[in-house]
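Note sheet for the following structure.
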Amino acid sequence: MLNNKDFIIVRMFGGLGNQLFQYSFGRSMALSQNKRLILDLSFYKNSLIDYSNNMIMRKSKYQLTNFYLTNDITLTKNCYNFSYRLFKYLLNYFPNFVKKKFFFTKKFKIKNFYFEKNLFKIDNIKKNLNKQSCYYIGYWQSTKYFKKFEKIIKSELKLMNLSSSAKKFIKKIDKNLAAIHIRGGDALIDYNTVTPERKFYTKT
């Protein structure tokens, strides 16, 4: 069993983009506190738990095995098996002894639970540096979370096993070009998502 001061746990959920931010946040926290990083992959046992049952949606998969991540991390698949929404709207407001009933904590002895209420509101996180073990739930979509260790994280988030065609294409890319990623999945699972019209993408 790991000592309760030796690690932090980050909830991994969503697609590749979310996973990259969550890992970067967790890696930065682990480096700043000299602790072991544990990635909770419970979500991917049933990645539709945060989506409506009537939605036809391909299950999300954990995809960071395709990158040069540090070997000094631990993966677990049985820590928090409930939805993000349950924690966001209910559990986050309960005291820790109630939250622990929803977490498999015998192995890790989690002492504190933190939910990202506001983007980059990191004051409470800073207060708990080098303290007891913590579990973090959020998207963490800001480079400010990991700016201090940007070089290390960039070196780890490089794709492995690129095909020869992909390597050739990368060499052809001009530095003045821009890429557009069209998000199609969100519109299928979130009725509040507004899909831009075609002219948004074609306008120069």
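The values are calculated or read from the model by the stated rules, or taken from the named source; none is laboratory data. Just so it is clear, the structure is predicted and the values come from calculations on it, not from any experiment. As a convention, Cβ positions derive from the backbone with ideal geometry for all residues, glycine included, and neighbour counts pool all protein chains shown. Areas reflect the complete protein model, heavy atoms only, side chains present, ligands, DNA and RNA absent. Shrake-Rupley method; radii C 1.70, N 1.55, O 1.52, S 1.80 Å.
Other residues within the sphere of radius under 12 Å centred on the Cβ of T143, judged by their own Cβ, net out at +3 (K and R +1, D and E -1).
Distance from the alpha carbon centroid of the stretch 36-51 to that of the stretch 138-178 works out to 23 angstrom. Taking every protein chain into account, the 1.4 Å probe leaves D72 with about 70 Å² of accessible area, to the nearest ten. For the peptides 75-81, 147-153, 136-142, the ranking by mean Cβ contacts within 10 Å, running from highest to lowest, is 136-142, 75-81, 147-153.
Sorting Y145, Y68 by solvent-accessible area of protein heavy atoms yields Y68, Y145, largest first, with a 1.4 Å probe.
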